Amino acid sequence: MTEGEAAPAAVAERGSRNLMTRVIVAMVLAPAAVAIAYAGGWMWTALVTLAAIGLYVEWLMIVGAGRKRGAVASGVIALAIAGLCLTLGRIDASLGASALGLVAVALFSPERRSWIATGFFYAAAAEIGSVLVRLDQAWGFVALMLILLVVWVTDIGGYFAGRGIGGPKLWPRVSPKKTWAGAVGGFAASLLVAEAFVAFGLGDTGPTLLLGAVLSIVSQLGDLFESAVKRRFGVKDSSHIIPGHGGLLDRLDGYVAAVVLAAIFGFLRGGVDGVGRGLMVW
């Protein structure tokens, strides 16, 4: 094998090992997340709170504010207090804690204030939205599973369609590897998930397919948004906390966008304690 042939072979081997690592880690983390989501209550809130704290810290690292102790501490404490309030069923208090946290991180951040405040808002919205969707005892788990599965298959379908078909890039300046074929493949996979929910009697055909389609598109936009932020600051991965996947932001960017939109829509239709019902019952 010549030197010219060896380089592509080495790249292909690394790609294969990375894919295997991604699959193994996903097979461990995904069932664990589903089990905790099924349990709901304080276990789900605790997981969501820890994830929100991780999202905020990684965001600070991306924007170059990871060493700003005041911004880090005030944001982490506010997210932890908001999570505690959510565990106690005090959604109003959690919103208050989040609002005070937003003010605090802004006050502690004379430099890059808007970026740091945006990161805190992003994490807090993910935290509160995730808990609100699961809060509905009758439909919360079903709605949460629809969101999770749509986001997961959009990512998986996009990955394999993009690698297998290739073609024009979706937004090369922001995400050079993403293609239009991948975007369409992920979208098509999300419709299959939505149709499966309908087949099991967990939603009406039209609204459920539309919801799956919207969530898929929004999750892809969330992915592009995070890629744009990383590109803006010259960062490849938000961290390396998840083997083969990068950081929490790298894995949860699509989910955050989807769950926040779903929580808002479900709240408008079903109220605070009926977000899941507002999403699934028409």
One residue is enough: does the stretch 218-228 have a residue meeting the conditions in the same structural domain as VAL281 (by TED's automatic domain parsing) and without any contact (Cβ under 8 Å) to a residue 12 or more places away in the chain? no
What number of residues within the stretch 218-248 satisfy the criterion of being farther than 25 Å from LEU279 by Cβ, of a type outside the set (D, E, K, R) and assigned to a helix (DSSP H, G or I)? 3
Would you mind finding the one in ILE36, ILE77 that is over 28 Å from GLY271 (Cβ atoms) and surrounded by 14 or more Cβ atoms within 10 Å (Cβ to Cβ)? ILE77
Expected single match for among the hydrophobic types (A, V, I, L, M, F, W, C) and outside any helix (DSSP H, G or I) among ALA138, ALA104, ALA124, ALA117 is ALA138
Could you please give the count of residues in the stretch 201-217 that are touching a helix residue (DSSP H, G or I) at 6+ places or on another chain (Cβ under 7 Å), in a helix (DSSP H, G or I) and either free of Cβ contacts under 8 Å to residues at least 24 places away in the same chain or buried (at least 22 other Cβ atoms within 10 Å of the Cβ) (or both)? 7
Select from the stretch 173-200 the residues that are part of a loop (DSSP other than H, G, I, E, B), at pLDDT below 95 and either surrounded by fewer than 16 Cβ atoms within 10 Å (Cβ to Cβ) or of a type in the set (D, E, K, R) (or both) and list them in ascending order. ARG173
Checking the structure you have, find out if any residue of the stretch 264-274 is buried (at least 24 other Cβ atoms within 10 Å of the Cβ) and at negative phi. yes
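Per-residue answers, yes or no, for (1) part of a helix (DSSP H, G or I); (2) of a type in the set (Gly, Ala, Ser); (3) at pLDDT 95 or above:
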position	(1), (2), (3)
ALA33	yes, yes, no
ALA51	yes, yes, yes
ALA65	no, yes, no
GLY70	yes, yes, no
ALA80	yes, yes, yes
Take ALA99 and tell me if it is under 24 Å from the mean Cα position of the chain (by Cα), free of Cβ contacts under 8 Å to residues at least 40 places away in the same chain and in a helix (DSSP H, G or I). yes
Pair list, Cβ under 7 Å, 6 or more apart: the stretch 242-271 residue closer than 21 Å to ILE91 by Cα and assigned by TED's automatic domain parsing to the domain that holds ASP223, other residue buried (at least 20 other Cβ atoms within 10 Å of the Cβ) and of a type in the set (Phe, Trp, Tyr): VAL256/TYR122
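Quick grid of which residues meet (1) modelled with pLDDT under 95; (2) assigned by TED's automatic domain parsing to the domain that holds ALA82:
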| residue | (1), (2) |
| --- | --- |
| LEU107 | yes, yes |
| ARG113 | yes, yes |
| GLY119 | no, yes |
| ALA124 | no, yes |
| PHE141 | no, no |
| LEU146 | no, no |
From VAL150, VAL76, which residue is in the same structural domain as LEU221 (by TED's automatic domain parsing), out of contact with any Asp or Glu (no Cβ under 9 Å at 6 or more places or on another chain) and in a helix (DSSP H, G or I)? VAL150
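The values are calculated or read from the model by the stated rules, or taken from the named source; none is laboratory data. No experiment lies behind these values; they were computed from the predicted model shown. Cβ sites come from the backbone with ideal geometry, for glycine too, and all protein chains shown count toward neighbours.
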